[in-house]
Amino acid sequence: MIIFTSPAVIIISALIIILDIAKEFTDGILGKILAVVNICLHISLIFPLMLVKAPIAEAVLVYMCSTFVYTASYLLFSVVFSKEAERGGER
Amino acid sequence: MTFNSWEFLLFYPIVLALYFLLPKKARWPMLLIASYYFYMCYQAELVFLIFGTTLISWLASNVIERSERRWVKRTMLTLTLAVCLGVLFFYKYFNFLAESAVGIIRLFGGEVGSFELSLLLPVGISFYTFQTLSYVIDVYRGNIKTEKNFFFYALFVSFFPQLVAGPIERPENLIPQLKEPHSWSGENAIAGAKLMIVGFFKKICVADLISVYVNSVYNSPEGAGALGIIIATCLFAVQIYCDFSGYTDIATGCARVMGIRLMKNFDHPYSAATVKEFWSRWHISLSSWFKDYLYIPLGGNRRGRARQMINVMIVFLVSGLWHGAAWTFVIWGALHGLYQIIGTLTYKARERGLSRIGLTGESLAVKTVRRVNTFVLVTFAWLFFRANSTSDAFLLLGKLFTEWSVSPADTLAAMGLGTVEILMTVFSVLTLVMLDRLVTYEAKDDSSDLVIRRGGFAVYVWAIILCWALLLSKDMTSTFIYFQF
């Protein structure tokens, strides 16, 4: 697939994954800044895909993967792990 | 004007703005006009039907309430049922009955020409007819008082978010809310927006994307192999859930922003451990309607086991017919009736069998097996629901047992499922499952809010827009499945 040949797509995707995890462990102003930057990166992912003239189906697939990672990171770190921590605290 | 159209994206914000800007006394007339306009965008020529049904049911309910003679009440109720159901039967079932009658005559060697009429199926007729009937029956039973203002009652019948495909609202839930002057509430706006985002995600990013693969099998059954039929039917189970519950989420969200809470229509139906439980989680407004206005009046389970089984079968046959004027829907309903009958009759034996091997119905292994079993039974029935005709349905059914020669790779290629398509389907479904968990979790815990407050809605809205662009590029956009009912 053409998407794997674009350095811009790979770099942005890597940044997205890092920020998806980092934002869940950062509070305060920095946390909010990371969250906003993270969302902007997700949304802007489509543009390098357009630059390399990726087929629309592949572009949508990449974006859907990034949406999956975004949702999974929140569900995992803010919901599942926080519930585990609460249960650990209760013991 | 469907929810996933440009016209609705313009219509709804205007209605919302007017709702909160107008004086409170002017809101419900505006909603009434907007609701009739919404309906007329579908079929302006048939608006007289919904108006006529509304007028007849309102007049009848007033006569029923005012009269002290039981025979008058009963006569008015019977007449109302006859007229409203008669209209429904004529527009929805006349051609089906005509075609069936011709088929039977020809089967016995008779010669008869077709006498089908060129009839337009009124959009939402099944939904608003049942909604008006529940109102009249509840007045007859003395459960509610009549609404004195005809136009206010007309708003209850035609309220646009739930007019075309439900939920089938009960008067005691909706009418007081329509009368209450709601003020703008951030909490309602956020909750409504979340529901709409999830609804659009279900419809555009999952249901519509999946539909092309389902259609590749069901629209060309002659070329289908067994594996393709199984994949397409399982995908249809996901498609119809996302399509219908997506519509309901959007409808519920639209109303919620205005401060009006429509009833819950779906509650994770595929997590049901029995078919009976499935029907307490799927299209809840319809199944509760049938329970209250058909099953219980028939006697429910109060007249012995045999009568209970007959009542269950009647309800599901009627439910099947309600969904569509075709024998495939009748078969689908009959299958669900059969599942419930067998489930009820074998319940004690199954529980005894489990206890003999040291298990209970609460153990995880048993629950898992039951959930998988229920999913298989429900999905098998969807084959008939989706098939374009009974001959197609039985052709596909036969092929399930005979056509195993096509390889998995060829099957997927024939359905248009390449690597990109498979991955897109997997990621969109997984994202939806997680998003649904998140929204449910956030409904209980206000301390965290990904979807709206932390800006996460932008990610999902962008996903919806991109998927919509993909669907438009391939001419794959479609209306909601339940609009045809």
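The slack between B:Val420 and B:Ala82, meaning 0.36 nm per residue of separation minus the straight C-alpha distance, is 116.4 nm.
Under 15 Å between alpha carbons, and skipping anything fewer than 8 positions from B:Lys474 in its own chain: which aspartates and glutamates qualify? Here the aspartates and glutamates satisfying the reach criterion relative to B:Lys474 are A:Glu58, B:Asp208, B:Glu421. The phi torsions of the range B:277-284, fed into the Karplus equation with coefficients 6.51, -1.76 and 1.60 and a -60° offset, translate into couplings of 5, 3, 6, 8, 10, 10, 6, 4 Hz, rounded to whole numbers, with Gly and Pro shown as x.
Using a/c under 1.5 as the rounded threshold, could you call the range B:68-204 rounded, prolate or oblate? The axes a ≥ b ≥ c are square roots of the C-alpha gyration tensor eigenvalues, and prolate needs a/b larger than b/c, oblate otherwise. Here the range B:68-204 falls in the oblate category.
The listed peptides B:395-405, B:38-48, ordered by packing as a protection proxy, come out as B:38-48, B:395-405 (highest mean of other Cβ atoms within 10 Å first).
The listed peptides B:282-294, A:16-28, ordered by packing as a protection proxy, come out as B:282-294, A:16-28 (highest mean of other Cβ atoms within 10 Å first).
The mean number of Cβ atoms from other chains found within 10 Å of a Cβ in peptide B:204-212 is 1, as a whole number. Evaluated with a Cβ-only charge set (Lys, Arg +1; Asp, Glu -1), the range B:345-413 carries a dipole of roughly 480 debye about its Cα centre, given to the nearest 20. Among the residues of A:32-38, the average count of other protein chain beta-carbon atoms within 10 Å of the residue beta-carbon is 2.
Considering only B:Val198, B:Ser158, B:Ile144, and ranking their Cα positions along the charge dipole of the range B:135-229 that arises from unit charges at the beta-carbon of Lys, Arg, Asp and Glu, the one farthest toward the positive end is B:Ile144.
The lysines within cross-link reach of B:Lys194, meaning a Cα-to-Cα straight distance under 17 Å and a gap of 8 or more places when in the same chain, are B:Lys202, B:Lys203, B:Lys264, B:Lys444. Only DSSP H runs of four or more residues enter the estimate; each adds -39500 (n - 2.57), and after division by the residues of the protein assembly as shown the mean residue ellipticity at 222 nm equals -23000 deg cm²/dmol.
Note on B:Lys367: lysines with a C-alpha under 17 Å away, same-chain residues under 8 apart excluded, are B:Lys276, B:Lys348. Across the range A:31-44, coupling constants 3J(HN,Hα) worked out from phi with the 6.51/-1.76/1.60 Karplus curve, θ = phi - 60°, read x, 5, 4, 4, 4, 5, 4, 4, 5, 4, 5, 4, 5, 7 Hz, and Gly and Pro carry x. Whole-Hz Karplus values for the range B:290-297 come out as 5, 5, 6, 10, 10, 5, 5, x Hz, taken residue by residue from phi with 6.51 cos²θ - 1.76 cosθ + 1.60 and θ = phi - 60°; glycine and proline positions read x.
Note on B:435-442: average number of Cβ atoms from other chains within 10 Å of each residue's Cβ is 3. Apply the a/c threshold of 1.5 to the C-alpha gyration tensor of the range B:231-317 and tell me whether it is rounded, prolate or oblate. Note, shape of the range B:231-317 comes out oblate.
The charge dipole of chain B, taken about its Cα centre with unit charges on the Cβ atoms of Lys, Arg (+1), Asp and Glu (-1) only, comes to about 1920 debye. Shown here for the range B:41-126: trypsin sites (Lys or Arg not before Pro) in loop regions (DSSP other than H, G, I, E, B) with at most 16 other Cβ atoms within 10 Å, namely B:Arg69.
Taking the Cβ-Cβ separation of A:Ile17 and A:Lys53 as r and a Förster radius of 35 Å, what is the calculated FRET efficiency to the nearest 0.05? My answer for the efficiency is 0.90. With just the Cα atoms defining each centre, how far is the range B:197-224 from the range B:47-69? Give it in Å. If we compute the Cα centre of each part, the gap is 41 Å.
Throughout, read-outs are computed from the coordinates displayed, never taken from laboratory work. Treat the numbers as computed from the prediction; the structure is a model and nothing was measured. All Cβ positions, even for glycine, are placed from backbone atoms using ideal geometry, and neighbour counts span all protein chains on display.
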